[in-house]
Amino acid sequence: MGSVTLQFLQQIVNGLSLGSIYALIALGYTMVYGIIKLINFAHGDIMMVGAYVGWFATTTLHLSFLPALVLAMMASAILGVLIERIAYKPLRNVIRIASLITAIGVSLFLEYGGMLLVTPQVRTYPPVFPDTIYNIGGIIVKYGDIVMIVTSIILMVLLHVIVQYTKIGKAMRAVSFDTEAALLMGINVNNTISATFAIGSGLAAAAGVLMGVYFNTIDPLMGIIPGLKAFVAAVLGGIGIIPGAMVGGVFLGLTESLVSGLGWSTWRDAVAFLILILVLIVKPSGLFGKNIREKV
Amino acid sequence: MGKWMNRQSLVTILGVLLIYGIVQGSIFMDVMPPFVALTLIQICIYVILSSSLNLINGITGQFSIGHAGFMAIGGYFAAIVIVKFHGPLVLALLVGAIVSAVAGFLIGLPTLRLNGDYLAIATLGLGEIVRIIFLNTEYVGGASGFSVPKTINWTWAFGLTVLSILVMRNFINSTHGRACISVRENEIAADAMGINTTKYKIIAFTLGAFFAGLAGGIYANYMYIIQPMTFSFLKSFDILVMVVLGGLGSLTGSIVGAIVMTVASAALAGLPEWRLVITAVLLVAMMIFRPTGLLGTKEFSLSFLGKKGDKNAASKN
Amino acid sequence: MPLLKIENLSKSFGGLKAVSNLNIEINDKELIGLIGPNGAGKTTVFNLLTGVYDKSEGNITFGDKNLSGLKPYQVTHRGMARTFQNIRLFSDLSVIDNVKIAYHQRTSYSMASAIFRLPGYYSGEAEMERKALELLKIFHLEDKAQETAKNLPYGEQRRLEIARALATEPKLLLLDEPAAGMNPQETQDLMNLIRWIREQFKLAILLIEHDMSLVMGVCERIYVLDYGMIIAQGAPDEIKSNPKVIEAYLGEEVV
């Protein structure tokens, strides 16, 4: 194989790892947006909290990867529900801008409250996995890559099962389709929204732990950029659409890896936002979405 | 033309002159602590930024959160005129503001068709793109920053602020400003009443970008150095907080919001994390308990100084 | 030459034909009714006329101009103004500002004279204020000029919406169910008002209505729409006895 092809395939592997992280975060964005039409700016910061809980679990509590992951997911799920109840619920029927600003506020609170709590110092994740590196025909695949991709796939399948086949999943779909009608059908809308936040935040926490493990370092502002990127991914796939978020996440991860691979890594973030803007202008409803107009 | 000369305007003009005089006097007598002087200039910059963002977000109802991007454009271009072409300050500020306005126009053209959340996220993305472009441009110093001589003093900053506010006020209180407000109130109805809604959105966006660019130019020519990091979306959020705090749609509210937040962050300068945590809590509490901001869409006015039978007074009954 | 000529107008949403093969003519100063059961496509016709929707097929000629591809504000500039079924006022603005905004397209002063407060600004604003107050007076709203629009009682909000539409100085006024939510007395008053507007402002009116008594009482000619098609047209008396109309309204009494 030529070295260019090899390089390309190598970037595909890196892109898939990164993309699966984006996809996990994007899922939470998209679910929350689907159900209460709110861009939850704090979502990336919930991921950061998850990463810290995971770090705490592995360093102080000496837990192994899986229990640490579950603990982080549970803690973030609770945090997500609390945020929704305290900050977003009172604003559910007020103008949309108010909730958007609140979300920004919550995001700042988590970032800088986090700094006060754990200091701005960068923390190093303990090596949870062996440093094994597989060389498949010249392409380097780290053990971490495999864990990242496999964990993401498992979680996404789990989410799919929950949303499609369980009672709470059906309630979520009903509320996101028509909140009032769902209410009239006897669905507990508040609990359904809480469940959505819990699941979305749990997935973000998983992404946080995976990021910590993969990149080794975490800090209180680590959630900002991946959070924005994941939102881009969600919009890319069509916000509110779960498979869209997965595809969008992977697509964005691949694009970024390829841009970096071409030696333009300082432009990586700009490319992500450029894609976002192009998508918004050409097809605001995203790759999988439908256009809806206000009825006159 | 008699409207210039009523008692209200007279008191306002006197107030403005008094503020200018006191500050200029204390600078002249050398009794102004440098930290206070810095804060005063920052207030001027933020007043222009918040009132220009208010033009877009509050008056026209288009949710932009990428204002720092325009500030950056104005700052960098003003700096280029000064440093690379040794142009005069006025020209530099003007070039910065105009380039920023042109950018606003070009960016607004395609993105203002988007509504609500989508516009918000697009402007955020654009702000970041602008920052990354400057970050990657060695001509203006890249990540390490761009050194600019300090040529802005209190007289410049204050004068430009008063001028900017006056222009924005005159715009808002005209039929063109009302057209912008109608877009905010009900876009479909505005369209049906013959308002070219796209045109007015773009006008507001361009005007907002112009003044953000001006503020950026003032900033660049006061701070000795500008760096891409300064213009991250945190800066955009800061400006947004001021607008929201004062009340979306209220020009005087934006001024109050900018003053309150700048003074507060100056007071908490030693504790940057606390500053942002307090900002955040304030923002959330504000939205929950008083989503309209301090002044709502109302203007703080001195109408009680006006003649009896004044229009505002009559409407109270 | 008719003021408004709609020829073979059709509109499909996906596979659904909301309006098909519509032909309507309105002459200067005519008062025309467009009636039909719920979901017949009446409001869609308004949205097509005013450029809110793009038509699928057909032609709309207004005066001597073709309205194809125009945006709503451009249609308003050509002299066609409308009200909405669900009132769409600028609800947080004052009554007078609602009217002034509709006068905007006729304002004479430029943005530069506003920003620099040139004499044109003062005379333009004064002119606007005078015209707006005059219009409000006609609609008995001048005492409430400074009131916030959303605080007006329902009936006055409807009147303000009509006044606002008239401020654009139209040749054709489109009223979308103006009597919705009104009691019989208010409907009666509205009927008189509509007749009077037509005389006073010398314009044509196209009225969508569900309230039969209102339409039968004021309109000179009536078009009946059902499933997007015109099933009958003519004077109120002819419409009343038309078997097709009775069938379309089966169960509802045609006054």
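The values are calculated or read from the model by the stated rules, or taken from the named source; none is laboratory data. Computed from a prediction, not measured in an experiment: that's the story for all the values here. Cβ atoms come from the backbone with ideal geometry, glycine included; neighbour counts cover every protein chain shown.
The set of residues from the stretch C:197-239 being in contact with a helix residue (DSSP H, G or I) (Cβ under 8 Å, 6 or more places away or on another chain), surrounded by 15 or more Cβ atoms within 10 Å (Cβ to Cβ) and at pLDDT below 85 comprises C:211, C:214.
Just one of the listed residues (A:26, A:87, A:72, A:42) is surrounded by fewer than 24 Cβ atoms within 10 Å (Cβ to Cβ), among the small types (Gly, Ala, Ser) and in contact with a helix residue (DSSP H, G or I) (Cβ under 7 Å, 6 or more places away or on another chain), namely A:87. Only helices (runs of 4 or more DSSP H) whose full extent lies in the stretch A:35-136 are considered here, and the ones with at least 2 residues that are among the hydroxyl-bearing types (Ser, Thr, Tyr), within 11 Å of chain B (Cβ to nearest Cβ) and on the phi < 0 side of the Ramachandran plot are A:96-118. Taking each residue of the stretch B:125-141 that is facing chain A (nearest Cβ under 7 Å) and farther than 18 Å from residue B:213 by Cα and looking for partners that are surrounded by fewer than 17 Cβ atoms within 10 Å (Cβ to Cβ) and not aliphatic (A, V, I, L, M) with beta-carbon atoms closer than 6 Å, six or more apart or interchain, yields B:136/A:266. Only a single item in (1) in contact with a strand residue (DSSP E or B) (Cβ under 6 Å, 6 or more places away or on another chain); (2) within 9 Å of chain B (Cβ to nearest Cβ) is not met by residue C:74, and it is number (1). Scanning the stretch C:49-71 for residues that are among the aliphatic types (A, V, I, L, M), more than 10 Å from chain B (Cβ to nearest Cβ) and either touching a Pro at 6+ places or on another chain (Cβ under 9 Å) or touching a residue at least 24 places away in the same chain (Cβ under 8 Å) (or both) yields C:49, C:60. Among the residues of the stretch C:92-115, the ones that are more than 7 Å from every other protein chain (Cβ to nearest Cβ) and under 24 Å from residue B:297 (Cα atoms) come to 6 in all. Whether any residue in the stretch C:59-82 is of a type in the set (Phe, Trp, Tyr) and under 27 Å from residue C:248 (Cα atoms) is what I want to check. Within the stretch C:59-82, none of the residues are of a type in the set (Phe, Trp, Tyr) and under 27 Å from residue C:248 (Cα atoms).
Identify, please: which residue in the stretch C:16-65 is among the acidic types (Asp, Glu) and surrounded by fewer than 18 Cβ atoms within 10 Å (Cβ to Cβ) and is, among those, farthest from residue C:202 (Cα to Cα)?
Among residues in the stretch C:16-65 that are among the acidic types (Asp, Glu) and surrounded by fewer than 18 Cβ atoms within 10 Å (Cβ to Cβ), the one farthest from residue C:202 (Cα to Cα) is C:57.
Taking the conditions (1) under 20 Å from the mean Cα position of the chain (by Cα); (2) free of Cβ contacts under 8 Å to residues at least 40 places away in the same chain in turn, residue C:143 satisfies each one other than (1). Contact map, the stretch C:33-44: residues that are more than 14 Å from chain A (Cβ to nearest Cβ) paired with residues that are aromatic (Phe, Trp, Tyr) and outside any loop (DSSP other than H, G, I, E, B), Cβ distance under 6 Å, separation 6+ or inter-chain. Pairs shown: C:34/C:223.
Check whether at least one residue in the stretch B:287-294 is touching a Ser or Thr at 6+ places or on another chain (Cβ under 8 Å) and among the hydroxyl-bearing types (Ser, Thr, Tyr), and report yes or no. No: the stretch B:287-294 contains no residue that is touching a Ser or Thr at 6+ places or on another chain (Cβ under 8 Å) and among the hydroxyl-bearing types (Ser, Thr, Tyr). In the stretch A:180-188, the count of residues that are assigned to a helix (DSSP H, G or I), over 19 Å from residue A:114 (Cα atoms), in contact (Cβ under 8 Å) with a residue 24 or more places away in the chain and not acidic (Asp, Glu) is zero. Under the condition of being out of contact with any Ser or Thr (no Cβ under 6 Å at 6 or more places or on another chain) and either within 21 Å of residue C:80 (Cα to Cα) or at pLDDT 95 or above (or both), the residues counted in the stretch C:97-110 number 8.
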